[in-house]
Amino acid sequence: MTGTNPFTSTILKTFHSQRVNNEQQLRPGNVLSGKVLEIYPNQRAMIQLGGKQLVAQLETSLNLHNSYWFQVKSVGDMLRLKVLVDKPLTNKNQAELLLKELGLTVSKEHLDFITTLIEKNIPFDKNSLSQALELSNNQQNREFSQKVLLEMMRRNLPITSSVLQALIMKDTSSIQEQLISLNSEISKQDNLSAVQRLLTERIMPFVNQSVNEPKTEIVKMILDGINRQDDKMFTLLKKSTLLTSPSSFNDWQRSWSNWQVETGIDYIQGNDKVDNRIKLPFDLDANHFLDALYKLRNNQLPISQSLINQFSQLVNKLDQNLESATIENQLRNFIKKNDLLYKINGLLTDSEKVIMNNWLENRLNNKSGELLPVLKDIAFKQLPVEMEKLMTDLISKLEPNQPQTNIGTKELFLTQLKQFLLFSGIDHESFIHRGKFDQLNIANEQSLKSLVLQALQEGNGSQMEKLEKLLHSLNGIQLTSVQQEGPMIQTSIHLPADKFGLKSDVQIDFESRKDETGKINPDFCQIIFYLDLNTIGETIINMSIQKRLVNVTVYNQHSQLEDMLSKYKTALKMGLNKIDYHLSTVQFKSSNVKQSVHSSDTNEVKSHRQGVDFRI
C-alpha cells in the first residue's frame with residue numbers, strides 16, 4: 001500500500017466510518033430537513049429532525065406529516081425554527097428546492113452532495129454549504145473531496161481550502177513516508193542551515209534513524225543543559241539512579257565546565273562526535289543508560305501533574321512526622337478519593353500490594369512505617385511534564401542505536417506514542433496561545449511542526465513541496481485528533497510505524513465518557529488499533545474496557561489466526577493482571593477485506609512462525 005494511507009482501504013475505512021458519532025448538536029443558522037409529526041397550539045409542533053423528535057416553536061403554520069426545509073433560529077428551552085421553503089418536500093425535489101432557495105447552481109454534483117447531507121443527518125448553514133460546493137468544484141478528485149467536505153461539515157470544521165487540503169493529505173499519504181522522503185531530500189544538501197539541521201534531527205528518531213552515536217548524544221544533551229543553566233538533565237539522571245554523585249547541580253555544572261575547558265568541547269552540533277577515548281565526568285554505559293530510563297518511565301503514575309504534586313507533598317509531610325495520624329489519614333483519604341490505588345499498585349510488587357491494601361484499610365499495626373519507603377521512592381521518581389519531554393527525547397535518540405531484538409515492542413511503542421504527542425507539534429498553536437515562547441525557542445525542545453514552519457520561511461525551493469505536504473498532514477491530524485460531544489470524548493492518533501518494522505502508519509482511536517477532570521476514563525473506554533501488518537495484512541484490534549474488565553476482538557481476513565490468538569491469551573491475561581485489569585474475552589472475527597498487498601497466501605500464513613507481526 002505504498003504511497004497511500006492504509007486507512008483508506010476497505011476494511012479499515014469501513015470499520016472506522018461505522019463508529020463515527022453522527023449525533024449533532026443544533027446551532028443557530030443550521031439548515032436541515034424535518035417532518036411535521038404533530039401540531040400543537042400557538043404554532044408549536046413535534047418535528048422529526050434526523051434521528052430526533054423535538055418540540056419546536058414555528059413562525060408559520062404547516063401541514064401535518066409533510067417535510068420542509070428548516071433553519072434554526074435559536075436553541076435553548078424551546079427550539080425555534082424558520083421554514084425556508086414553504087413547499088412540502090419529496091425525495092425528488094428536496095435538494096433542488098434548497099439550492100434554488102439559497103441561490104446556488106443546480107447541478108448533479110450539487111444535488112448529490114445535499115442528498116448525502118440529508119441521509120447522514122448533517123446540519124449545515126448557507127455559508128458552509130456554498131463554500132463546500134465551491135471548494136468541491138475546484139478539486140481534481142471531486143468525489144473524494146466531497147467525502148472529506150462532508151466530514152468537515154459533520155465535525156463543524158472551518159470550510160476552507162487549507163483545512164480541506166490538510167484532511168485530504170492526512171487521508172491519502174502516510175506521514176511516515178513523508179518524513180523519510182523529506183529527510184532524504186534535506187540530506188542531499190550541503191551546508192545545512194541551523195533550522196534544517198534541527199529539522200532532520202527531529203525527523204530521524206520518528207523513522208528509527210540514529211542522529212548520533214549514544215555517547216555523543218548523551219553528552220550533547222548534557223552540555224545543552226549546562227550552557228543554559230538548566231538542571232533538568234541532572235535531575236533526570238538522579239531520579240533514574242544513573243547518577244549518584246555529585247549531590248548538587250552546582251557541583252555537576254562545575255565538573256562539566258572543567259571538562260569543557262580540558263577538552264575544548266563547548267557544545268556539539270552537526271557531525272561532531274565525542275571521541276570514545278575522552279573520559280567523561282561520570283561513567284557511561286549506553287545499554288544500562290537506556291534500561292534505566294525505561295524503568296523510570298514505567299514508574300510514572302498516570303495522573304495529572306496537580307495530583308502528583310499533592311501526592312508528593314503528603315508523602316513528604318508524613319516522612320517528616322511519621323507518628324502523625326492526621327497526615328496519615330490525609331494521605332489515605334487522598335488515595336481513596338482520587339482512585340489512585342490501581343495506579344499505585346501497578347508499580348508495586350505482590351508483597352507491597354498486600355501492605356498497601358492493608359494500610360489503606362487501616363489494618364497495619366505499625367501504621368505506615370513499612371509502606372513509607374515505597375511511597376517515598378514512587379514520589380521521588382515522578383517527573384514534571386518538561387522533564388518527561390527530555391526523557392522521551394533522549395530515549396527516542398538512543399533507541400535506533402540498539403538492535404531491535406534487544407528492545408521490547410512495548411517500549412518501542414511507548415516511545416513512539418509519547419514522542420509523537422510531545423514533539424509532533426499538534427499542540428503548536430496551544431503553546432503559542434499559552435505564551436510559552438521560551439520553550440518554542442529552545443533548540444532541542446522545538447517540535448516537528450515548528451521546525452517545518454521555520455523551514456518554509458527559509459524558502460528552500462527543492463524542499464518546499466515536501467514541507468507543505470508534511471505541514472498539511474500534521475494539520476489534518478491535529479484537526480481530527482479530539483472530538484467532544486456532551487459527556488463523550490474521542491481522540492485519534494496517527495503514528496509513523498517504521499520503529500515497529502511496519503511500512504504504514506498506525507492509527508489508534510480512544511473513545512470514552514469523560515471522567516471528573518474531563519479526560520478519558522481508563523476504567524470505561526474503548527481503544528481501537530488500525531494496523532497494516534507486513535505478514536497478515538490489514539488488522540483491527542478492538543479493546544473494550546468496562547469496570548476494568550477487558551474484552552478484545554481481532555478483525556482480520558485470515559481465519560487461521562483464531563487458533564493463534566489462544567497462544568497469547570495467557571500472556572495478555574497476566575500482563576493485564578499486573579496493572580489491575582482483568583481479561584474477560586478474546587475473540588476473532590473474519591473480515592471480508594480484499595487481499596492486501598502485504599498479506600501472503602493461506603499456506604504462507606499457516607507456516608509462518610511469526611504469524612502475528614507484533615504483540616500489543
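The values are calculated or read from the model by the stated rules, or taken from the named source; none is laboratory data. This one's a predicted model, so the numbers in the text were calculated from it and none came from an experiment. In this analysis, Cβ positions are derived from the backbone assuming ideal geometry, glycine residues included, and neighbour counts consider all displayed protein chains. Areas reflect the complete protein model, heavy atoms only, side chains present, ligands, DNA and RNA absent. Shrake-Rupley method; radii C 1.70, N 1.55, O 1.52, S 1.80 Å.
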query: Taking N556 and the conditions (1) open to solvent by less than 50 Å² (accessible area, probe 1.4 Å); (2) closer than 28 Å to L341 by Cβ, which numbered condition does it fall short on, given that it satisfies the others?
result: (2)
query: In the stretch 90-103, is there at least one residue being within 33 Å of the chain's Cα centre (by Cα) and of a type in the set (D, E, K, R)?
result: no
- prompt: In the stretch 71-80, is there at least one residue being open to solvent by less than 40 Å² (accessible area, probe 1.4 Å) and in contact with a strand residue (DSSP E or B) (Cβ under 6 Å, 6 or more places away or on another chain)?
  reply: yes
message: Quick check on the stretch 70-102: of everything there that is outside any helix (DSSP H, G or I) and of a type in the set (G, A, S), which residue is farthest from F124 (Cα to Cα)?
response: G76
query: When the residues of the stretch 118-164 are filtered to those that are basic (K, R) and closer than 22 Å to I477 by Cα, which remaining residue is modelled with the highest pLDDT?
result: K147
message: Yes or no: the stretch 104-113 includes at least one residue that is in a loop (DSSP other than H, G, I, E, B) and open to solvent by 50 Å² or more (accessible area, probe 1.4 Å).
response: yes
- prompt: Which of the following residues is more than 25 Å from Q416 (Cα to Cα) and assigned to a strand (DSSP E or B): S512, S584, S566?
  reply: S584
message: Every residue in the stretch 134-175 that is crowded, with 20+ Cβ neighbours inside 10 Å, in a helix (DSSP H, G or I) and hydrophobic (A, V, I, L, M, F, W, C), please.
response: L135, V148, L149, M152, M153, V163, L164, A166, L167, I168, M169, I175
query: What do you reckon, is D505 within 16 Å of the chain's Cα centre (by Cα), touching a residue at least 60 places away in the same chain (Cβ under 8 Å) and surrounded by 17 or more Cβ atoms within 10 Å (Cβ to Cβ)?
result: yes
- request: Residue by residue through the stretch 467-484, note down the ones that are assigned to a helix (DSSP H, G or I) and of a type in the set (A, V, I, L, M).
  value: L467, L470, L471, L474, I477, L479
query: Among the strands (runs of 3 or more DSSP E) confined wholly to the stretch 28-69, which include 3 or more residues that are touching a residue at least 12 places away in the same chain (Cβ under 8 Å) and open to solvent by 90 Å² or more (accessible area, probe 1.4 Å)?
result: none
- prompt: Out of all the residues in the stretch 232-252, which are polar (S, T, N, Q) and more than 18 Å from M387 (Cα to Cα)?
  reply: T244, S245, S247, N250
- request: Considering every residue within the stretch 354-371, establish whether at least one is at pLDDT below 90 and either among the β-branched types (V, I, T) or within 30 Å of L412 (Cα to Cα) (or both).
  value: yes
- line: Scanning the stretch 532-542 residue by residue, those surrounded by 18 or more Cβ atoms within 10 Å (Cβ to Cβ) and assigned to a strand (DSSP E or B) turn out to be D532, L533, G537, E538, T539, I540, N542
field: Residue identified as among the polar types (S, T, N, Q) and on the phi > 0 side of the Ramachandran plot among T235, T263, T241, T326
entry: T241
- prompt: Residues in the stretch 526-533: is at least one farther than 29 Å from Q25 by Cβ, under 19 Å from the mean Cα position of the chain (by Cα) and β-branched (V, I, T)?
  reply: no
statement: Restricting attention to the stretch 326-372, the residues that are over 22 Å from Q300 (Cβ atoms) and touching a residue at least 40 places away in the same chain (Cβ under 8 Å) number exactly 4
task: Kindly provide the set of residues from the stretch 283-306 that are at pLDDT below 85 and part of a loop (DSSP other than H, G, I, E, B), ordered by number.
output: D283, L284, D285
field: Positions within the stretch 88-103 being open to solvent by 30 Å² or more (accessible area, probe 1.4 Å), more than 23 Å from Q131 (Cα to Cα) and either in contact with a Phe, Trp or Tyr (Cβ under 8 Å, 6 or more places away or on another chain) or acidic (D, E) (or both), in sequence order
entry: P88
message: Restricting to the stretch 312-347, count the residues that are among the charged types (D, E, K, R), touching a Leu at 6+ places or on another chain (Cβ under 8 Å) and over 18 Å from Q382 (Cβ atoms).
response: 3
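Here's the yes/no breakdown for (1) over 13 Å from L167 (Cβ atoms); (2) surrounded by 16 or more Cβ atoms within 10 Å (Cβ to Cβ); (3) out of contact with any Gly (no Cβ under 7 Å at 6 or more places or on another chain):
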position	(1), (2), (3)
G461	yes, no, yes
E468	yes, no, yes
H472	no, yes, yes
L479	no, yes, yes
L495	yes, yes, yes
G501	yes, no, yes
message: Can you tell me which residue is modelled with the highest pLDDT among those in the stretch 257-282 that are within 17 Å of V211 (Cβ to Cβ) and open to solvent by 20 Å² or more (accessible area, probe 1.4 Å)?
response: K273
